[in-house]
1. What about LEU139, is it more than 30 Å from ILE11 (Cα to Cα) and either open to solvent by less than 20 Å² (accessible area, probe 1.4 Å) or more than 16 Å from ligand 2 (Cβ to nearest atom) (or both)?
2. Could you tell me whether GLY233 is touching a Lys or Arg at 6+ places or on another chain (Cβ under 8 Å), of a type in the set (Gly, Ala, Ser) and closer than 25 Å to TYR488 by Cβ?
3. Looking at (1) outside any helix (DSSP H, G or I); (2) open to solvent by 10 Å² or more (accessible area, probe 1.4 Å), find the lone condition where THR57 falls short.
4. Going through region 157-167 one residue at a time, which ones are away from ligand 2 (no atom under 16 Å from the Cβ) and under 19 Å from LYS199 (Cβ atoms)?
5. Just one of (1) more than 15 Å from ligand 2 (Cβ to nearest atom); (2) touching a residue at least 60 places away in the same chain (Cβ under 8 Å) trips up ARG104, so point out which.
6. Could you grab me the full set of residues in region 82-96 that are more than 12 Å from ligand 1 (Cβ to nearest atom) and open to solvent by less than 20 Å² (accessible area, probe 1.4 Å)?
7. Quick check on region 512-521: of everything there that is in contact (Cβ under 8 Å) with a residue 60 or more places away in the chain and open to solvent by less than 30 Å² (accessible area, probe 1.4 Å), which residue is nearest to GLU264 (Cα to Cα)?
8. Out of VAL79, VAL46, I need the residue that is closer than 22 Å to LYS203 by Cβ, buried (at least 24 other Cβ atoms within 10 Å of the Cβ), within 12 Å of ligand 2 (Cβ to nearest atom) and in contact (Cβ under 8 Å) with a residue 40 or more places away in the chain. Which one?
Amino acid sequence: MKQELKSFGDIELSRKVLHAIADMGFEEPSPIQAGTIPLVLEGHDVVGQAQTGTGKTAAFGIPTVEKIQESGHHVQALVLTPTRELAIQTAEELNKIGHYKRVRTLPIYGGQSIDRQIRALKRGVHLIVGTPGRLIDHLHRGTIKLDDVETLILDEADEMLDMGFISDIEEIIGAIGNEERQTLLFSATMPAPIEKLSKRYMKHPQRVSITKENLTVPLIDQCYYETREKFEGLCRVLDIEETGKLIIFCRTKRAVDDLTASLEARGYLAGGLHGDLSQVQRDRVMKKFRDGRIDTLVATDVAARGIDIDDITHVINYDIPQDHESYVHRIGRTGRAGRKGVAITFISPREYRQLRLIMKLAHTKIQRRELPTASDVLERQKELVTERLLKVLKQDDYDDYHTIISEVLEEGYDPVDVAAAALQLSLEGDAGSREEQASFENTGGAPGMVRFFFNIGRAQKIRPADIVKAIASEADIPGDTIGVINIYEKFSFVEVPEKVAERVLGAMHRNTVNGFKVNVEPARKR
Ligand code: ADP
Ligand code: MG
């Protein structure tokens, strides 16, 4: 690296930009920022390479915003980025950096109304962050003018290439008339086609590479569990670890669906993300995750690309990553922005060799841990109950219940017994009546439908038709009134009309389907 920079104040930045950086809570430049910002300010073309989560956006964003002339009314800088998510996020970050300078930044991406974008463009913007496809669209319509772009930035260049944007990128570069422009390229990896691109379109680029030795973030606590019962192990770990938002990685789309459904069936708040989902579905899951309505995202490597959420506390490799690069990439999603992070990997005994190879190539140590036992989990639950109870006591807002307790004490019960019974009542409900009346509310079914959980699935070679046939004949209802049926590896969900729910439960619970004995219960809400 060219120079050691301890603070942003050591870089020649205007007061307004420094003020904005301080507002964003950045204390000091990250290595890639310290290495590249001065070079960009000096006017060099720059190629910056550093892993995901190391602050590449601000590395080009800070000097680019610094150079913008607020008085100008033309597009002065253009950032190309692979996905819509990233376009939005990057534009937000640039907006923050340019807050006091009043830099106008506009994200341009497919899926949003083009007319709205055209109107925004007409109002005049300094800085555009766009995905290649939609930019080309605007170029062809003549609704965007790139003649006077002074800074062109190719962000996440490796992903743009992976996604097949190369010819779009070349067309856009061709549309930038300005031969004097400055070109910046940022990427997590530098495969040959990117080298080629930089040779072709950049002038004596300066290279800043934050090398692989720094690849893993030291704040991350890394461990692994070896088990043949991964799902059981996962549940125990989730019950015992103090987790916030977490991402669980699976190898395949089907594994994502199955694990998400299994977690939901156990009452965890999980959502799945993979390539077969539509953009709308993906956005919905991501929004829930961001808002905290679910805390667990189950994803494939590909689907997790471009996810940029700061406060992930845990990354869990439910399936071991294919190679060390993927491992580093995955775990880089936690421990961001100086926070603590935990990376947990599950392996079967056979996969130990693969794990050892990952450790060797990634120059990292992954600690072996023993899975929590059932009694550890119980112990932890007790701790949690104690914490909650103490919280209620501290809040001191339970006067209304004093009279009940006084009355019970007058019956001659011991106060400790009364307290214990009250706790049981609040945690388990009235045990006697619990068995009889299954609740058909909140089963996550469509309106007017009750969703049931059946503990049989693909493993028993069950098909939807088998379930329809069994219910129709046993409960004596028309087969076509049965709603959505989802069959997973070890269980299924079946929706039936509310009116017949009681009858279906009575007829099917402990009955058989295709010769397999089944337990049926109302599903828990998704
Ligand atoms: P990359 O593009 O390298 O994957 P990002 O630019 O998305 O990484 O940055 C990852 C996170 O780190 C973002 O939330 C960003 O706001 C934060 N960040 C960037 N630079 C700093 C810094 N100097 N100090 C603290 N947090 C930072
Ligand atoms: Mg980035």
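1. Details: more than 30 Å from ILE11 (Cα to Cα): yes; either open to solvent by less than 20 Å² (accessible area, probe 1.4 Å) or more than 16 Å from ligand 2 (Cβ to nearest atom) (or both): yes.
Judged against the criteria, LEU139 is a match.
2. Working: touching a Lys or Arg at 6+ places or on another chain (Cβ under 8 Å): no; of a type in the set (Gly, Ala, Ser): yes; closer than 25 Å to TYR488 by Cβ: yes.
Criteria not met by GLY233.
3. All conditions pass for THR57, except number (1).
4. Let us first name the residues in region 157-167 that are away from ligand 2 (no atom under 16 Å from the Cβ), namely 164, 166-167.
Hits for region 157-167 are ILE166, SER167.
5. Status for ARG104: all satisfied but (2).
6. ALA87, ALA91
7. As a first pass, look at region 512-521 and keep what is in contact (Cβ under 8 Å) with a residue 60 or more places away in the chain: 516, 518-521.
Now narrow it down to the ones that are open to solvent by less than 30 Å² (accessible area, probe 1.4 Å): 518, 520.
Working: VAL518: 19, VAL520: 16 Å.
Among those that are in contact (Cβ under 8 Å) with a residue 60 or more places away in the chain and open to solvent by less than 30 Å² (accessible area, probe 1.4 Å), it is VAL520.
8. Working: VAL46 fails: within 12 Å of ligand 2 (Cβ to nearest atom).
Step by step, each of VAL79, VAL46 is checked, and only VAL79 is closer than 22 Å to LYS203 by Cβ, buried (at least 24 other Cβ atoms within 10 Å of the Cβ), within 12 Å of ligand 2 (Cβ to nearest atom) and in contact (Cβ under 8 Å) with a residue 40 or more places away in the chain.
The values are calculated or read from the model by the stated rules, or taken from the named source; none is laboratory data. Predicted model only: the values in this text are computed from it and were never measured. All Cβ positions, glycine included, derive from the backbone under ideal geometry; neighbour counts span all protein chains shown. In case anyone asks, the SASA skips ligands and DNA or RNA and just uses the protein heavy atoms, side chains included. Shrake-Rupley method; radii C 1.70, N 1.55, O 1.52, S 1.80 Å.
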